[in-house]
Amino acid sequence: MNELTGMEVRGDGVAIITIDNPPVNALAAGVREAILERVRDAAADERVLAIVLAGQGSTFAAGADIKAFDAIGTREASIDRSTRMHRLLAGIEDSGKPIVAAIRGAALGGGLELAMACHCRVVSPDAKLGQPEVTLGLIPGAGGTQRLPRLVPPDVAVTMCVEGKPLDARAALAAGLVDRIADDGLLDTASRIARELAASDSWRVTRAIEIDPARAAEGLRAIEGRRARLQARPGAMAAQRALDALQAAYTEPFDRGAARERELFADCVLSAESRALRHLFFAERAAARPPGLPAGTPTLDIKSAAVVGAGTMGIGIAMCYASSGIPVLLNDVSRDALRKALDTISANYRSSVAKGRITQAQADLALSLIEITTSYDAFHHVDIVVEAAFEDLDLKRQIFAALGAATRPECILASNTSTLDVDALAEASGRPSQVVGHHFFSPANVMRLLEVVRGRATSDTVLATSLAIGRRIGKVCAVVGNGFGFVANRMLAYYMREAYLLLEEGASVGQIDRVLVEFGMPVGPFAMQDIAGIDVGARIRQHLAKLGKTRADGPQSEVPDRLFDLGRYGQKTQAGWYRYEKGSRTPIPDPLIDGIAAAAAARRGITRRNAIPDAEIVARVTTALANEGARVLEERFASRAGDIDVIYCHGFGFPHYRGGPMFYAETIGLDTVLARVREYRARFGDYWRPAGLLERLVASGGSLYAPDAVPAAPAVS
Ligand code: 3H9
């Protein structure tokens, strides 16, 4: 068992116990017991005066083993597990010798709970301490909701448990969560403090700290304030339960509060929300390891970048690089466009500073890393170029031919195209193995998704480097094949098709938006278009019409094109699917839309219904997503259902607590999804074609997530 920890008794009487469970020292079964065994050994060893508990490598401990939660099938099993963990931490607290946690890197979840059961906490400047359980649909389950309020002010305890964001070393020191920051010599400092505690013969046992009445009252007020804000938020069950547990901390003695925490943790760990969020946690990490890309594929070192095109996307992409400390050349043919781009970038950074998201120094540094240019002269220095020019194949071909000549052979040439053929650009460049798609989502400096499009000739090194640089600039990456609309926009087209058709059938813009927000989308489809611009979609449809293509199979509603004809482009023209008062972003329903929808329905011979049930709206759009997602998988434009979940959650805000469109389909049952597709086919027409993969899985009782659900093959065109 004790390969999972190490112990060294030093000459000064300090035992250094090290948690050793790579890569992140998760407190899996065996590790927890091993720690207690070491503590007991040290406590029994006469040579030992004091103990330091540290993590091997760059992490203290990333918390409980998240994978193991799937095996908890009952409340009793959950409560039993938490009880053992509580006992174990009490055993550490009561060891009889002072224990100092020496924290390098992350002390998260159960890792922080372990550290709080130590008698003192010393951290390195890079430490991050947090209770992120809520992001997994959980609450701290090993006493975190009881020990944290005994150490930090109520607003900090509430924020940490409800928002899940970690504190950095300085904030943790200011809050009283840690006792010392060791700029260097973490173990030496921790050992010295441990010896001092032993010499003083008095150290603090966190669970014995009494919360004074004034602080308890403040805690209850902070909790009520939060509850009011959470009330309307779907998917906030874990946050509510965290507040319940904190309330117990401010009103009950430790043991009763801890018992309450165990009950509430059990509610959460068995919930559908938590299962979905845990799925997404692993799916996000798996997405960065596409099948077919050998582990350990070498990556290129990206020290500088260039972006071609200083429009909205180019600006956002340049900011991603600069904000991550990578110098970037921003290129455009128009000097005027470049000057405007710099103004926009400065304004964006100013606004981030004003909102407290970054410091002035960080903004100044990022801005200093962006250089504008109208030529490719300096491109032979850069390691990657991201092209974000106007969406026109001939123009992009010319750019790629020029980039092929202007850059070094090993330079990566990435296109931010959302609709064009990456292989055609690869061919134009003259060195197709270096070409890849990097499809960002607008605004590129905010949205976390990056679709990495693997072309026919994209080399493994370019793919691996794309994933590495994507992660470095803060993106969640997923590899997709070179198909029209890739994955995110292809699926969005089916979601929007149903929204338009429901409108023609008699639902209102307001009803559809409300229902999908209640379902958990951050914004309804029509309000979203009013933000993004109705003109953008209309121009793409016009372009496709010339090529004889449509974005999705099935009837193409004319309603959005009528709005475009009327100059109703959305918020920017104060009218789109809604009306907007000058200077306001509040949508006001506009009866004119219903008239346009009724006329469109009449032209298509559709009898409008007086009322469309809310449930049908959710069923229609989610079935369209799941069926198209299954087609994407069988055509191998994505390699795994989890990749699609990651893409749609991070690209278009599918509620994370539902796990993504494919996970949601499994939650309601693939047989139900297939039955709906068949029902809609009978009601609406043959464009509702069930995906073969869906039919096969339903026939065999299989799962989209089984390792053999989709024949293994790299996602290539
Ligand atoms: C909890 O603690 C409940 C308790 O209250 C008590 C209950 C009784 N478990 O993210 P990375 C894997 S709930 C299992 O790429 P980074 C991860 O999947 C937990 N595995 O590295 C990946 O595996 P692979 C609360 C875990 O450097 C590898 O480690 N804790 C866990 O970018 C590397 O991860 C959290 O929510 C885990 N706990 O970031 C913290 N953590 O290589 C979750 C990581 O096979 N973890 N893995 O893909 C994190 O936030 C980040 O991993 C961390 C490192 C910041 C630590």
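Using a/c under 1.5 as the rounded threshold, could you call region 74-132 rounded, prolate or oblate? The axes a ≥ b ≥ c are square roots of the C-alpha gyration tensor eigenvalues, and prolate needs a/b larger than b/c, oblate otherwise. It would help to have the intermediate numbers written out before the result.
Working: a/c = 4.72, a/b = 1.42, b/c = 3.32.
Taking the square roots of the gyration eigenvalues as a ≥ b ≥ c, region 74-132 is oblate.
Percent relative contact order of region 598-699, based on C-alpha pairs within less than 8 angstrom and at least six residues apart? List each step's numbers first, then the result.
Details: 83 pairs, mean separation 26.7, N = 102.
Relative contact order of region 598-699: 26 percent.
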- Query: Expressed as an acute angle from 0 to 90° and rounded to the nearest 10, what is the orientation of the C-alpha long axis of helix 509-519 relative to the principal long axis of the chain?
  - Reply: 30 degrees
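Determine Rg/Rh for region 511-603; Rg is computed over alpha-carbon atoms and Rh is the Kirkwood hydrodynamic estimate from the same atoms. Please report the intermediate quantities before stating the final value.
On the way: Rg = 13.7 Å, Rh = 14.1 Å.
Rg divided by Rh gives 0.98.
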- Per its Cα gyration tensor (rounded if a/c is under 1.5, else prolate when a/b beats b/c, else oblate), region 601-717 is best filed as prolate
- Query: In whole angstrom, how long is each semi-axis of the equivalent ellipsoid of the chain, when you take the square root of 5 times every eigenvalue of its Cα gyration tensor and sort them from largest down?
  - Reply: 48, 31, 25
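Based on alpha-carbon positions alone, could you give the equivalent ellipsoid semi-axes of region 363-459 from the gyration tensor, as √(5λ), descending, whole Å?
21, 18, 12
Computed from the mean reciprocal separation of all distinct C-alpha pairs, what Kirkwood hydrodynamic radius does region 94-248 have, in Å? All intermediate terms of the calculation are to be shown ahead of the outcome.
Values: mean 1/r = 0.0628 Å⁻¹.
Evaluated on region 94-248, it is 15.9 Å.
Net charge near LEU4, counting Lys/Arg +1 and Asp/Glu -1 over other residues with Cβ under 13 Å of its Cβ?
Values: positive: ARG32, ARG38; negative: GLU3, ASP20, GLU33, GLU37, ASP65.
Here the count lands on -3.
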- Query: Can you give the relative contact order of region 132-211 as a percent, counting alpha carbon pairs under 8 Å and 6+ residues apart?
  - Reply: 33 percent
- Item | Cα long-axis angle, helix 460-472 against the chain (0 to 90 degrees, to the nearest 10) | 60 degrees
- Residues in region 421-445 reached by a label modelled at ALA405 [backbone nitrogen below 15 Å; 7 Å Cα→Cβ]: 428-431
- Please report the base-10 log of the normalised intensity I(q)/I(0) for region 279-427, using a Debye sum with one equal scatterer per alpha carbon and no solvent, at each q in 0.11, 0.16, 0.21 (1/Å). -0.49, -0.96, -1.28
- Calculated log₁₀ intensity ratio I(q)/I(0) where the Debye formula runs over C-alpha points of region 105-197, q = 0.24 Å⁻¹: -1.23
- Alpha carbon centroid spacing (whole Å) that separates region 416-471 from region 543-605: 32 Å
- Just report the Cα centroid separation between region 494-511 and region 148-221, whole Å. 53 Å
- Sum of side-chain charges, HIS543 neighbourhood, beta-carbon under 10 Å (Lys, Arg +1; Asp, Glu -1): +2
- In nm, to one decimal, how far is the modelled label at THR607 from the one at ALA232, with both set 7 Å along Cα→Cβ? 3.9 nm
- Item | Cα convex hull of region 447-604, projected area averaged across orientations, nm² | 11.3 nm²
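Need one number: convex hull volume per residue for region 21-84, Cα atoms only, in Å³. Intermediate values should be presented prior to the final figure.
Working: hull volume 5.8 nm³, N = 64.
Normalising the Cα hull of region 21-84 by residue number yields 91 Å³.
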- Quote to one decimal, in nm, the extra length available between ALA532 and ALA28 on full extension: 0.36 nm per residue of separation minus the C-alpha distance between them. 176.9 nm
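Suppose we flag GluC sites (Glu not before Pro) only when DSSP calls them loop and at most 10 other Cβ atoms lie within 10 Å. Which is the longest uninterrupted stretch of the chain? Show your work: numbers first, answer last.
Details: sites that count: GLU46, GLU210, GLU581.
With a cap of 10 other Cβ atoms within 10 Å, the longest stretch comes to 211-580.
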- Would you calculate the separation in nanometres between label points at ALA171 and ALA699, each defined as 7 Å from the Cα along the Cα-to-beta-carbon direction? 5.4 nm
- Query: Gap in Å between the Cα centre of region 238-255 and the Cα centre of region 653-685?
  - Reply: 37 Å
- Mind giving me the nanometre distance, one decimal, between the label points for THR299 and GLU46, set 7 Å out from Cα along Cα→Cβ? 5.4 nm
- Can you give the Kirkwood hydrodynamic radius of region 388-441 from its Cα pairs, in Å with one decimal? 10.8 Å
- Please give the helix 213-230 orientation as an angle from the longest Cα principal axis of the chain, in degrees from 0 to 90, rounded to the nearest 10. 20 degrees
- Query: Just the Cα atoms of region 334-398, one point each, no solvent: what log10 I(q)/I(0) does Debye give at q = 0.28 Å⁻¹?
  - Reply: -1.21
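Every read-out reported here was derived from the displayed coordinates using simple, explicitly stated rules and does not represent laboratory data. Since this is a predicted model, take the numbers as computed values, not measurements. Counting neighbours? That spans all protein chains shown, and the Cβs are built from the backbone with ideal geometry, glycine included.
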